[in-house]
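Below: the structure, in structure tokens.
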Amino acid sequence: MTFRDRQKFSIENFLSELQITLSNMPSSEDVNSSLSTLLTSFENVLKKHAPLKTLSKRQEHTKSKPWLTKGLLRSIRTKNKLYTNLRKKSAQDDHKWADFRKHRNKLNHLIEKSKVNCYMQQIASSNNNSSLMWKTIKNILNKRHKNKYTYRIFKWYTDKA
């Protein structure tokens, strides 16, 4: 997945450089060559100010889950570190396992709550757009995996209506 990186994009700088580039462009009688020169110049300036970036598989996977916030991702990393530290230790420390299980269970609860809230917001915001609503519903129903949130989300939606 590729996208334009607009973090440092400044419309003023972009337009001023584009204007300078276009003013230095040679004029030509041939419309096709003028158009290709114009498009090439525009693309070069655009690449400079908003370069194309490619997401890694991990970033793509994370973007496909809108309910995963930065806080949840940080908590997932903490849980994984706790688990790897437990696996490395030869001595089984019950206290550390209890801490890990407590963190894991709390994280799973927060992820579930975040998913439900995210789907509820998507349904609520797509009230007037049936296409978007059905896309959200298909995502919730997910034919490949059973979804335990379906009942709670549709119960909330029917209670609201």
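No lab work stands behind these numbers, since they all come straight from the coordinates. What you see is a predicted model, and the numbers here were worked out from it, not measured in a lab. Heads up, the Cβs are rebuilt from the backbone with ideal geometry, glycines too, and the neighbour counts pull from every protein chain shown.
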Worksheet item: Average projected area of the Cα convex hull of the stretch 49-124, in nm²?
Response: 7.5 nm²
Discussion item. What FRET efficiency comes out for residue 48 versus residue 106 if R0 is 41 angstrom and r is the Cβ-Cβ distance? Round to the nearest 0.05.
Written reply: 0.35
Worksheet entry | Efficiency of FRET from Cβ geometry, residue 134 and residue 99, R₀ 30 Å, rounded to 0.05 | 0.10
Item to complete: Let me know the charge dipole size of the chain about its Cα centre in debye, to the nearest 20, where only the beta-carbon of Lys, Arg (+1) and Asp, Glu (-1) is charged.
Response: 1820 debye
Worksheet item: What percentage of all Cα-Cα pairs in the stretch 1-75 are separated by more than 21 Å?
Response: 50 percent
Discussion item. I'm checking a number: the convex hull volume of the Cα atoms of the chain, normalised per residue, in Å³. What is it?
Written reply: 224 Å³
Worksheet entry | Distance violations [Cα-Cα > 27 Å] among 65/106; 48/115; 57/113; 8/63; 57/81; 65/88 | 48/115; 65/88
Fill in: Calculated [θ] (222 nm, deg cm²/dmol) that DSSP helices of n ≥ 4 give over the chain, each run adding -39,500 (n - 2.57)
-23500 deg cm²/dmol
